[in-house]
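Shown next, in structure tokens, is the structure this report addresses.
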Amino acid sequence: MAAFESLSSRLQSVFSKLKGKGKVTESDVNDAMREVRLALLEADVNFKVVKDFITKVKEQAIGLEVSKSFTPGMVVVDIVNKELTELMGGTQAKLAKANKPPTVIMMAGLQGAGKTTTTGKLAKLLQKDNHKPLLVACDIYRPAAIKQLQVLGDSIAAPVFSMGDQVSPVQIAEEGLRHAKENGNDYVIIDTAGRLHIDEALMEELKQIHAVVKPDEVLLVVDAMTGQDAVNVAKSFHELLELTGVVLTKLDGDTRGGAALSVKSVTGCPIKFAAMGEKIDSLEPFHPERMASRILG
Ligand code: GDP
């Protein structure tokens, strides 16, 4: 099963009925929207997001535009496409860039979300644009996290700054930033520690690192397969840390799409990247319009 597959096939079957119709009545639209609503709820999209979405689509679809069209079914699908795109942020949210390099990117997330892997993938993406990222190993608690980052760094020939696991992450971040300035790295990606759950100690540490390195980006890595849990994690982090973006991982295994379709509306925080696999080159900038087209097939 591929990304969004179950949601996608549900929606496609709803719209295949509409697309062929020469005339679309108000009750056709209502029937279709009832099915869309169910499909979105089953996909684990936040219920309020679903409600607003259906209202917006109906407002437009039951208007003049549709009844005047020669292909009214297609017009409804276009409206849905446009609103799905809006749900996911409308346009691509780009990575911030510091006025004066290095640009500092802080990665945050719960354990297992894919934070360390994504740190390596992001470095690879930046290298493709001829940047020289430095990876900084601040996850000193998870056994093997430092080693994992080093292996990832080696695999793409990106330098990794580490001070072992006996120095405070705040100090490692600070020294890492200095190291980047001295060595001409134009991006610094800081892999912070995760926890199994959000707790005060974690947030305090992240805030301290934030205060010291003053990041241009704070990216929260969440596992898309966890649906609304991912959205709730993002909401909590955003309240405590002011995120600048979300990275959705494991979209390759997410057939439902609930996190992708809810996280921007619920948190106000844009999705900047999507990871679709375990390989180092499986991270992509998140394009809302492409995702919407993918869902609608
Ligand atoms: P961390 O604890 O957040 O640093 O998580 P890791 O980076 O160690 O990732 C946890 C697991 O998720 C690893 O086995 C990764 O290979 C896997 N993983 C990360 N991103 C993706 C993804 O986009 N797709 C898939 N299928 N697996 C992923």
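For ILE295, state whether it is touching a residue at least 24 places away in the same chain (Cβ under 8 Å), aliphatic (A, V, I, L, M), more than 26 Å from GLU200 (Cβ to Cβ) and in a loop (DSSP other than H, G, I, E, B). When the stated conditions are applied, ILE295 does not pass them. Counting residues in the range 12-35 that are under 20 Å from VAL231 (Cβ atoms) and surrounded by 13 or more Cβ atoms within 10 Å (Cβ to Cβ) gives zero. Just one of (1) more than 15 Å from the ligand (Cβ to nearest atom); (2) crowded, with 24+ Cβ neighbours inside 10 Å; (3) within 17 Å of MET107 (Cα to Cα); (4) hydroxyl-bearing (Ser, Thr, Tyr) fails for SER262. It is (3). Could you list, in sequence order, the residues of the range 267-284 that are within 13 Å of the chain's Cα centre (by Cα) and either open to solvent by 50 Å² or more (accessible area, probe 1.4 Å) or away from the ligand (no atom under 14 Å from the Cβ) (or both)? If the condition is that a residue be within 13 Å of the chain's Cα centre (by Cα) and either open to solvent by 50 Å² or more (accessible area, probe 1.4 Å) or away from the ligand (no atom under 14 Å from the Cβ) (or both), then THR267, GLY268, CYS269, PRO270, LYS272, GLU284 are the ones that fit.
Would you check if there is a residue in the range 230-244 being away from the ligand (no atom under 15 Å from the Cβ) and buried (at least 24 other Cβ atoms within 10 Å of the Cβ)? Taking every residue of the range 230-244 in turn, at least one turns out to be away from the ligand (no atom under 15 Å from the Cβ) and buried (at least 24 other Cβ atoms within 10 Å of the Cβ).
Summed over the range 138-156, residues that are open to solvent by less than 30 Å² (accessible area, probe 1.4 Å) and either under 15 Å from LYS272 (Cα atoms) or part of a loop (DSSP other than H, G, I, E, B) (or both) total 4.
Among the numbered conditions (1) open to solvent by 10 Å² or more (accessible area, probe 1.4 Å); (2) modelled with pLDDT under 95; (3) under 24 Å from LYS124 (Cβ atoms), the only one that GLY194 does not meet is (1).
The residues of the range 206-229 that are buried (at least 19 other Cβ atoms within 10 Å of the Cβ), within 16 Å of the ligand (Cβ to nearest atom) and among the acidic types (Asp, Glu) amount to a single one, ASP223. Based on what the data block shows, is LEU125 surrounded by fewer than 22 Cβ atoms within 10 Å (Cβ to Cβ) and within 29 Å of ALA292 (Cβ to Cβ)? Taking the combined requirement at face value, the residue satisfies it. Which residues, counting only those in the range 100-141, are β-branched (Val, Ile, Thr), closer than 14 Å to SER162 by Cβ and within 13 Å of the ligand (Cβ to nearest atom)? THR116, THR119, ILE140, listed by residue number.
Residues of the range 122-149 that are of a type outside the set (Asp, Glu) and farther than 23 Å from PRO101 by Cα: ILE140, TYR141, ARG142, PRO143, ALA144, ALA145, ILE146, LYS147, GLN148.
The values are calculated or read from the model by the stated rules, or taken from the named source; none is laboratory data. All values reported here derive from a predicted model rather than from experimental measurement. Cβ sites come from the backbone with ideal geometry, for glycine too, and all protein chains shown count toward neighbours. Please note that ligands, DNA and RNA were not included when accessible areas were found on the heavy atoms of the full protein model with its side chains. Shrake-Rupley method; radii C 1.70, N 1.55, O 1.52, S 1.80 Å.
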